[in-house]
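Before any comments, here is the structure.
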Amino acid sequence: MRNSLHRFDVKASPYFYISPFFILFGLLGLFPLLYTAWVSLHEWSLLEEARPYIGLENYTELLKDPFFWNALGNTISIWVLSTVPQLILALLLAHVLNSRLRGETFWRTGLLLPNITSVVAVAIIFGQLFSRDYGIVNWILGLFGGGHIDWNAGTATSHVAISAMVIWRWTGYNALIYLAAMQAVPDSMHEAAIIDGASSMQRLRKITIPSIRPTIIFTVIVSTIGGLQILAEPLLFGRGSLTGGSDRQFQTLALYLYENGFGHFDFGYASATAWLMFLIIAFIAAINFLFIRLIRRG
Amino acid sequence: MGKLERIRKRPLVYLTLIAFMFFSTFPLYWSVVVASMDNSALGRVPPPLVPGSHLFENIKRVFDTVPFGLAMANSLVVSAVITFSVVLFATLAGFAFAKLRFRGRPMLYVAVIVTMMVPTQLGIIPLYLIMAEAQLIDTLYAVIAPSLVSAFGVFFMTQYLSGAVPTELLEAGRADGCTTLRLFWHVVLPIARPAAAVLGMLTFMTAWNDFFWPLVVLTPENPTVQISLSTLASGYITDYALTLTGTALATMPLIVVFALLGKHVISGIMQGAIKG
């Protein structure tokens, strides 16, 4: 009897221990995501009782919807403007941090501060920094003879301001991730290069970057998945407007999804937006992955 | 002398770091400056760069404009419950994945890692429908429920425990007739403590800063801190002094905690990175 109890304990316990994760994730993470596809096939409004099945109509409508394409363009523009400088800066910063430093913890703590600041706080602070009349950015530009820019009003300017928020919040974090990977590169490789007279930048390009390539791929994919879902920054930069500016000049896909779902309560259309976003994210992440692998071969 | 010499040798390194440091701290400093100003002072040229004397007045205005005390309390409850749950379930699952043998283990672990990449935020419409069906809209339950477990947490604890818990110790315990639960309680949990603390801090910060989902299910009358901030920041006219006072108030507790315990958070992020 004791023996069989013991056997049951050994055999069944592991499943009990992992089940809370799988049950809760399945119920409140995976299921809603999959159910989104089902909702997207219906004319599903929160305001109406009937929810007729309409096949792919939401999708065909979405593909003809100029606001959708506008949001997709904005999202990609903001994503590129924020991710590329962010990861390059992070690499440089990590390279600088990857040497014998005084006050290691001090630097690292300071550089991670932006990341523990909430997205909402970042968006509010930068909204002020970039404000037309009282913003420090315009004041500095003015010192160099620049005019007063209405950052909110233009497409390019608003994208730059929003990207600045993302860059500010994530550069230090990514630098730490790179630093962790760089510390795994044997010192002997760097020492040999120094003896051969390689400069710091040459070592970064020829030794460090090739050795931490998997980590770079990881950060590119994570920033892709996060960057394409950007919502809080444009929402708050537009002072809570769901359209992302008066001409939708900085409305992102996630914001458009939010507008459809909780502005118009058109759940079917919002779900179609969400599901297309999912496909786009998966597609771009896969392209990133292949592209980086191609570079490695070449 | 030795110190000076070393700094002089690599001025570029320190200059670069100081520049990065300036950019990463200035916006936070600026939020405090604006928070201590009268709105009229913000129009000055050049802009005021040192704090003024209106901080307490502005704080009072924040509490008069939005239910900020309730928001703080709500955020605290939400973040604490989520942290406890994530750490508990991650440690349990991490123990199983790291140290127990069972059929399907490799496949299930791969599933955990894949789910880290899944943009679950996109399931927001059905999640809202579920919460509406359960009559949980506008309650903290709705905010908490989707965050009760985290794939990253399971991954993080599995990585830590597979290195930190000696397998012989578990085998010895088994030979003495310990049940799995006793092993978890008396052997694994004490060893897991440092990693659990790091995961706890990371989780707490994420929960405290979460915005999208609380925005969907809560109202400005029963908000979390981030929702109150967005209420302050919305509308046609922005009262910058008011808005940034709220921002500073909401951010400072986290910054103080981070300044004290940041070392562990940083090492946690870096450990997660290496193994990832």
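Read the figures in this text as sums done on the coordinates, not as results from a lab. In this text, all values refer to a predicted model and were calculated from it rather than measured experimentally. Methodologically, a virtual Cβ is constructed for each residue, glycine included, from the backbone with ideal geometry; neighbour enumeration extends over all protein chains shown.
Taking only C-alpha pairs under 8 Å that are 6+ residues apart, what is the relative contact order of segment A:8-97 in percent?
Relative contact order here is 13 percent.
Round to the nearest 0.05 the FRET efficiency obtained for residue B:111 and residue A:184 when R0 = 30 Å and r is the Cβ-Cβ distance. Provide the component values of the computation, followed by the final result.
Numbers: r = 27 Å, r/R0 = 0.90.
FRET efficiency, residue B:111 to residue A:184: 0.65.
Segment A:97-148 to segment B:84-133: how many Å between their Cα centroids?
Segment A:97-148 and segment B:84-133 have Cα centres spaced 35 Å from each other.
Note the full-extension length gain between residue B:50 and residue B:23 as 0.36 nm times their separation in residues minus their Cα-Cα distance, in nm to one decimal.
On the way: separation 27, 0.36 × 27 = 9.72 nm, distance 1.66 nm.
Taking residue B:50 through residue B:23 to full extension adds about 8.1 nm, to one decimal.
Rank these for me by crowding, B:252, B:157, going from fewest to most other beta carbons within 10 Å. Please report the intermediate quantities before stating the final value.
On the way: B:252 14, B:157 27.
So the ranking, lowest neighbour count to highest, is B:252, B:157.
Per-residue Cβ counts within 10 Å, from other chains only, averaged over B:260-267: what number is that?
Values: counts 1, 1, 8, 4, 0, 6, 11, 4.
Per-residue shielding by partner chains comes out at 4.
Which whole number gives the average, over all residues in B:17-26, of C-beta atoms from other chains lying within 10 Å of the residue C-beta?
Taking all residues of B:17-26 together, the mean is 6.
Just want the ordering: A:95, A:6, from fewest to most Cβ atoms lying within 10 Å of their own Cβ. Show your work: numbers first, answer last.
Numbers: A:95 22, A:6 14.
Lowest count first: A:6, A:95.
Given H placed on each backbone N at 1.01 Å, which residues far from residue A:42 in sequence or on other chains put an amide H within less than 5 Å of it?
Hits under the 5 Å cutoff: A:54.
Using a 10 Å cut-off around each Cβ, can you sort A:247, B:210 from fewest to most neighbouring Cβ atoms? Can you show the working numbers first?
On the way: A:247 13, B:210 24.
So the residues, fewest neighbours to most, are A:247, B:210.
As I understand it, the dipole of the protein assembly as shown uses +1 on the Cβ of Lys and Arg and -1 on the Cβ of Asp and Glu, about the Cα centre. Which of A:70, B:53, B:106 lies farthest toward its positive end?
Positive-end residue among those listed: B:106.
For a Förster distance of 45 Å, can you work out the FRET efficiency between the beta-carbons of residue A:198 and residue A:53, rounded to the nearest 0.05?
Numbers: r = 65 Å, r/R0 = 1.45.
Efficiency at R0 = 45 Å is approximately 0.10.
Principal axis lengths of the protein assembly as shown from Cα atoms, whole Å, largest first?
If we take the Cα atoms of the protein assembly as shown, the spans are 83, 79, 55 Å.
What list of ³J(HN,Hα) couplings, whole Hz, do you get for segment A:134-142 from phi and the Karplus terms 6.51, -1.76, 1.60, once you set θ to phi - 60° and write x for glycine and proline?
Values per residue, Gly and Pro as x: 10, x, 5, 4, 5, 4, 5, 4, x Hz.
Let me know the mean shielding of B:243-252 by other chains, meaning the per-residue number of their Cβ atoms within 10 Å of its Cβ. Please report the intermediate quantities before stating the final value.
Details: counts 7, 5, 0, 3, 9, 3, 1, 5, 9, 0.
If you average over the peptide's residues, the count of other-chain Cβ atoms is 4.
As an exercise, identify the trypsin sites (Lys or Arg not before Pro) in segment A:57-122 lying in DSSP coil whose Cβ has no more than 11 other Cβ atoms within 10 Å.
A:64, A:100, A:102
Name the shape class, rounded, prolate or oblate, that the alpha-carbon gyration tensor gives for segment B:1-155, where a ≥ b ≥ c are the square roots of its eigenvalues, rounded holds for a/c under 1.5, and otherwise prolate holds if a/b is larger than b/c and oblate otherwise.
On the way: a/c = 3.01, a/b = 1.34, b/c = 2.25.
Since a/c reaches 1.5 but b/c is at least a/b, the shape of segment B:1-155 is classed as oblate.
Using per-residue counts of other Cβ atoms within 10 Å, averaged over each peptide, order A:193-204, A:35-46 from highest down. Walk me through the numbers on the way to the answer.
On the way: A:193-204: 12.8, A:35-46: 18.7.
Final packing ranking: A:35-46, A:193-204.
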